[in-house]
Every structure is written in structure tokens, then in C-alpha cells.
1. Filter the stretch 43-75 for residues that are among the charged types (D, E, K, R) and either over 15 Å from the mean Cα position of the chain (by Cα) or surrounded by 19 or more Cβ atoms within 10 Å (Cβ to Cβ) (or both) and give the result.
2. What's the total number of residues in the stretch 7-41 that are surrounded by fewer than 17 Cβ atoms within 10 Å (Cβ to Cβ), of a type in the set (Asp, Glu) and at pLDDT 95 or above?
3. Any residue at all in the stretch 31-43 that is among the hydroxyl-bearing types (Ser, Thr, Tyr) and within 14 Å of ligand 1 (Cβ to nearest atom)?
Amino acid sequence: MDVGTVEERVEFLNNVMEVAVAIELEVAAVYDLFAETFAASEELSLFWRLYAETERYHAATIRIHQTAFVQPEIMATAMEEEFPTEFGETREFLAKIRALREGFVETPPSLEQAFEAAKFLESDAAEVHGRTQFFKIYPQFHNLFLTLVEEDLGHRKMLVEAQERFAFDITA
Ligand SMILES: [Fe+2]
Ligand SMILES: [Fe+2]
């Protein structure tokens, strides 16, 4: 399989990273929207704001790795079978998050819906990160994405606990 020139490979990898960054920022935008939606509760609003921050931190982490490690020399020596040829799934996920957010702009979510959406986002983000296989070329990226998987699974776990707590608060 032809995987292109070194320049094409670098461009491809940069595109993959851009989409990965966009996913994190888009998730952050959903949580910012939730912070506004639930602005009546200072605590709840802060809760979503802080979640948005953690996703922006993920975006920054990816960006730092991208700057440091996307180098033509490494691309030149990468084996063809190590090189990915498409990342449609990642783009689809990004489109899904955008659609979700636009839906919530039209119709603000209930707290229950917000938590359900966030849990869906975290587990799907973890899955998509986990399947990003082309990082055989860059072990640093592999480790980075494994960390992101763990963190997003941790986020999901925290959301489950927070959902119970806030549901109790609100019905009280
Ligand atoms: Fe994330
Ligand atoms: Fe997360």
C-alpha cells in the first residue's frame, strides 16, 4: 500500500492531531454550555466549568506532543504497515459531538440529559482514543493516548458519582 511521500505523511499526521484536538475542545464547549445552562446553581455551574477545563488541558497536551514529536525524519523511516491510512471514525465522532452541542443550544438539556450526554462523551472519547493505533510510529503518542483513555474513563466514573449527588441535591 502506498502511504505517500514524507510530506504527505507529516500532513496526514498533523490532520489526525488537529481532529484529536478539535474533539477535546468540542467536548469542552459542551461542558461550557452546561455551565451556562445550569448557571442558577453556582456549584453545578462550577462543576461543568472545571470539566471543560480538564478537556482543554487534554487539547493542550495533544498539541504539545504534536509540536515536539511530529518530525519528518521519523515519518521517513516509518514502516508502511505502521502507517494509518484513514481516520474516518475520529471525524465522525467530532461531527457527533458538534451535533449534540447544537441540539442542546436549540433545546437546553435537563440535568439528567446533561449527565447522560457527558457520560456518553467520556466513554466514546476513551474508546476513540484507545483505537488510535497509528502511534506505533511514535511511542510518545501511544503513551499520551493511553493516559487520555484512563483520564476519560476516570471522568466518566466521577460523572456517575456526581450525577447521584446532584440529583439528590436537586430533588431535596
Ligand atoms: Fe478528553
Ligand atoms: Fe474527559
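1. Once the filter is applied, which keeps residues that are among the charged types (D, E, K, R) and either over 15 Å from the mean Cα position of the chain (by Cα) or surrounded by 19 or more Cβ atoms within 10 Å (Cβ to Cβ) (or both), the stretch 43-75 yields Glu43, Arg49, Glu55, Glu73.
2. 1
3. Step one: of the stretch 31-43, the residues among the hydroxyl-bearing types (Ser, Thr, Tyr) are 31, 37, 41.
Keeping just the survivors that are within 14 Å of ligand 1 (Cβ to nearest atom) gives 31.
For the stretch 31-43, residues among the hydroxyl-bearing types (Ser, Thr, Tyr) and within 14 Å of ligand 1 (Cβ to nearest atom): present.
The values are calculated or read from the model by the stated rules, or taken from the named source; none is laboratory data. Bear in mind that the values here come from a model prediction, so they are computed numbers and not experimental data. FYI the Cβ positions are ideal-geometry reconstructions off the backbone, even for glycines, and counts take in every protein chain you see.
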